Amino acid sequence: MRTSSRLTEPSAPRPGSRRPRRAALVGLIAAAAASALAATLVLTIPGDDDPDPEPPTASQASAERRAGVTTFQVASMNALGHSHTRPGGNRPGWDSGPKRMGYATQLLEANGIDLVGFQEFEPQQYATFVKLMSPRWSIAPGLDAPGEAQSKAIAWRTADWTLVKSTTFMSPYFGGQMQARPLIQLRHNVTGQLVWVMNTHNPANTRGNAQKWRDQAERIQAELVNTLRRQSPDVPVIFVGDMNDREKFYCPMTYLSELESASGGYHEDVPGGACQPTKPLEVDWVMGTSPIAWSDYRTLKKGLIQKTTDHPLVWGTATIPADAAARAGVKRVVVIDVEGLRSPVVNKSQAPTLAWMRENGASTLAARTVEERVTSLPNAVSMVTGRPVGRKYGGHGISQTSVPRSTTVQRAARGYVASMFDAAHDIGLTTALYSGDPRAALIARSWNSQNGAVDRIGKNNGRRKIGPTVITDNDATAYRAARERLRKAAPALTLVQLDEPAAAAAAHGPRSKQYRSALKRADVRVRRIIKTIRSTERTAGSTMVVVTASSTGVSPSPAYKVPFLVWGPGVIRSDLYRLNPQYSPNVALRTRYAGTQPIRSSAVANLVTTLLSLPAVSGSRVNSKQDLEVFDPALTGSSTPRP
C-alpha cells in the first residue's frame, strides 16, 4: 500500500528503489507513451562528467551537516497572468499583474513558504517579484529562458537554498504545442541536501477539450521523474504545477512514477488496485518522491489570495530525513520514562544498567524538564507532543499533577495537539503505551478513537493513534506487558512509564531506602527490556532505546535537571552537549523558550520522529528542527570531534 509519505513499517524503500507497477495500465499506454516520449521529451541533464557543485561557504556549512534533517515549505501558485487583468483583458475589475504580485509576495512571507512554483508568471509579474524579493529570493529560469519557460518559474529563499543546475524540459500545451518548462537542482545551505524541482502548467479546456494533451504531458512528466531518479537515486524530485486535472492527474501520475502528493491519498500497487486521492481536490498540486515525507498540507482560498489570483495557494511541509538513522538500520524506538529518576543516582552502584547506557551510548545528566513545571504529568505530555506547557508558548495546557477523567490534552490546549504517536500512526507505523502510572490515562484518552485527529495521510488508519495500551498502578504489570509485546510483535514506537521511584520519593523521600529499592527495580526492568531487544531477532540491532524522566520526584527545591540517555545502533559514546553544541547546559535552570536552549526531556518527541525518518510533530516547539544528534559523526558526516 503506497501512501503520501512512506511505506508501512518495518522498512521503506531507500531512495531510488523502484516499486512494482501494474502491467494492465502500462499495457494500455505503453505504445502511445513510447512514441510521444521519443518525439517530445527534450531534456538536458548534466551528466557525470560535469564538475561537482561548489561546496557551501563557511557560513552556509555552519551546522556541519549535523543531523541532516531538511524541512521546508513547498508551494504552487497560479499567479493569474498580467495579460488577463490588464485593460482589455478577460478579467476586468482585477488589480494589475504587478500589484497582485505584491500581494503574492506577502502571502509567501506570511505563510513561511520557502520554495514555490509559479504558473502564468508573465514578465511584468516576474519583474515585480525580483524588485520586491531580491536578494532574499532567487528565481529560475530568467526572462531570457527559451519559449515560455519563464512563465512557469521556480523561486526559493536564498538563505536556505543555492542553485546548482538549471535546465528545461518540453511538455505539450494548447493544441499539443510543445513548450519549455523549468527543471532545477537546489542544494540546501545547511544540510547539503540536493533536490530536483520541476514545475509545469498543463493545458485547460478553454480552447477545446485538452484531455489528450494533459494525458500526454503527464506521461512525459512521469518519465522525466523516473529518469531523474535513475540518474540520481539519492536526490528526491519535487513536482509542482497547475495540472488542470484532479483524479485524472493523481491516479496516472502516482501509478507511472513514485511521486506522492503533499495532500495525501493512496494508490495500491496491484492490478486494478484502488486509487483514492484525498478530497477536496484542486487542480494545483505539490508532489515529491521518496524520501520526502509530507505533512501540514494547506489550501488557502480566502483573504488576500482572493485579490491575488483565481486559484488557491497550496503548500505542504517537506521533510527529508537524515540518512544516519537509515544507515544505522533504526526501525523501532522504545522510550522509557523513569518517573522520579534523579541525575545523581545514575551511577554503577545505584543504577548499573543506566550507568552502562552512559558507557555505551550518548547521554547527559544535565537535561531539563519544561520551564513551567517539574512534575510528571505536564512533562510526560510535553515528552509526547514536543510542546511546552503554557499556551502562550504554543503549549499543551496540562499544568496539574492530575486531571479529571473528562479532560483531554486537546481540551486543555483549546485545539488539537498532535503527538509523536500521530506522526507514526498516520503513516502506518505501529505504536504502544505501557504505564505503571494511572495518570497516563490522560495520554491514552487524548489520542483515542474519539479524540485523535482524522488521519489524512495516505490510507486512513483511524483516529486512534496509540495501539496496544496498558495503564495500571503497577510497574511490574506494565513492564511485563511491554516486554511481551517486544518479543512477539515489536511496535515501531513504544512508550514505557515506570512510576515506582517517583511514588517512593513522594512517600518516603528521595534519600530513603524505599526510593533506592524502587530505583533498583526500575533499573533491573530497563536492563531486562534491553535484554529482550538484544535477544529478539525482530528488534536486535534495529531498536533505539531512550531513557529520561518526566520528573525527579520530591526534593527540597524544584529539580529541573533530568538524565537523558540514548543507546542503540549507530549511537556513539559521548556527552550529548558535546555532540550538540547548539544546545547548552550553562543556561538558567528555568530557561524559557527563546535563545540558546538546554536539551530537554521534551526533545524526545522529535528525537523519535528523527529516528523513524518522520516529519517533526505538527505544532511542536522543542527540537522541532530535529537537530538533536545522537549518532556517530561517521554516520552523519559531521566534523564534531569524538569524545
Once the Cα gyration tensor of segment 108-245 is diagonalised, what are the square roots of 5 times its eigenvalues, in whole Å and ordered largest first, as equivalent ellipsoid semi-axes? 25, 19, 12
The chain: relative contact order as a whole-number percent, Cα under 8 Å and 6+ apart: 17 percent
Compactness of segment 521-643 - radius of gyration and Dmax, Cα, Å: 15.6, 45
From the gyration tensor of the Cα coordinates in segment 331-636, what semi-axes in whole Å does the equivalent ellipsoid have, largest first, with each one equal to sqrt(5λ)? 24, 22, 21
When the charge dipole of segment 331-636 is computed with +1 at the Cβ of Lys and Arg and -1 at the Cβ of Asp and Glu, the Cα pointing farthest to the positive end, of 418, 471, 457, is that of 471
Span-like helix ranges in the chain, DSSP H, alpha carbon extent 18 angstrom or more, Kyte mean at least 0.5: 23-40
Out of the DSSP beta bridges found with both residues in segment 331-636, what percent are antiparallel (nearest 5)? 30 percent
Residues with beta-carbon under 10 Å from that of residue 419, excluding residue 419: net charge, scoring Lys, Arg +1 and Asp, Glu -1? +1
Choose one of 205, 489, 378: the residue whose Cα lies farthest towards the positive end of the charge dipole of the chain (beta-carbon charges +1 Lys, Arg; -1 Asp, Glu; about the Cα centre). 378
The chain - mean residue ellipticity at 222 nm from DSSP helices (-39,500 (n - 2.57) per run, n ≥ 4, rounded to 500): -8500 deg cm²/dmol
Averaging 1/r across every pair of distinct alpha carbons in the chain and inverting yields a Kirkwood hydrodynamic radius, in angstrom, of 26.0 Å
Say the dipole of segment 331-636 comes from +1 at the beta carbon of Lys and Arg and -1 at that of Asp and Glu; which of 505, 346, 579 then lies farthest toward its positive end? 505
Exceeding the 26 Å Cα-Cα cut-off - candidates 152/212; 302/625; 152/459; 331/488; 348/513; 165/331: 302/625; 152/459; 165/331
Ranked from fewest to most other Cβ atoms within 10 Å of their own Cβ, 251, 275 fall in the order 275, 251
For residue 386, what residues show an amide H to amide H distance below 5 Å, using hydrogens built from the backbone and excluding near sequence neighbours? 605
Let me spell out the model: positive unit charges on the Cβ of Lys and Arg, negative unit charges on the Cβ of Asp and Glu, origin at the Cα centre of the chain. What dipole size does that give, in debye rounded to 20? 2320 debye
Tell me, 617, 283 in order of fewest to most beta-carbon neighbours within 10 Å? 283, 617
Relative contact order for segment 331-636: what is it in percent, counting Cα pairs under 8 Å that are at least 6 residues apart? 32 percent
Would you please state the base-10 log of I(q)/I(0) at q = 0.27, 0.28 1/Å for segment 525-588, with intensities from the Debye formula using one equal scatterer on every alpha carbon? -1.19, -1.22
Report, for segment 192-310, the % of DSSP beta bridges that are antiparallel, rounded to 5. 55 percent
Most exposed to least, judged by fewest other Cβ atoms within 10 Å, 624, 512, 446 sort to 512, 624, 446
Scoring only Lys, Arg, Asp and Glu (+1, +1, -1, -1) among other residues with Cβ under 12 Å from the Cβ of residue 248 yields -1
Rounding to the nearest 20 debye, state how big the charge dipole of segment 120-237 is about its Cα centre with +1 on each Lys and Arg Cβ and -1 on each Asp and Glu Cβ. 120 debye
Rounded to 5, the percent of DSSP beta bridges in the chain classed as antiparallel: 60 percent
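Values in this text are rule-based calculations from the coordinates and carry no lab data. What you are looking at is a predicted structure, and each value in this text was computed from that prediction instead of being measured. Note that each Cβ is placed from the backbone with ideal geometry, even for glycine, and that neighbours are counted across all protein chains shown.
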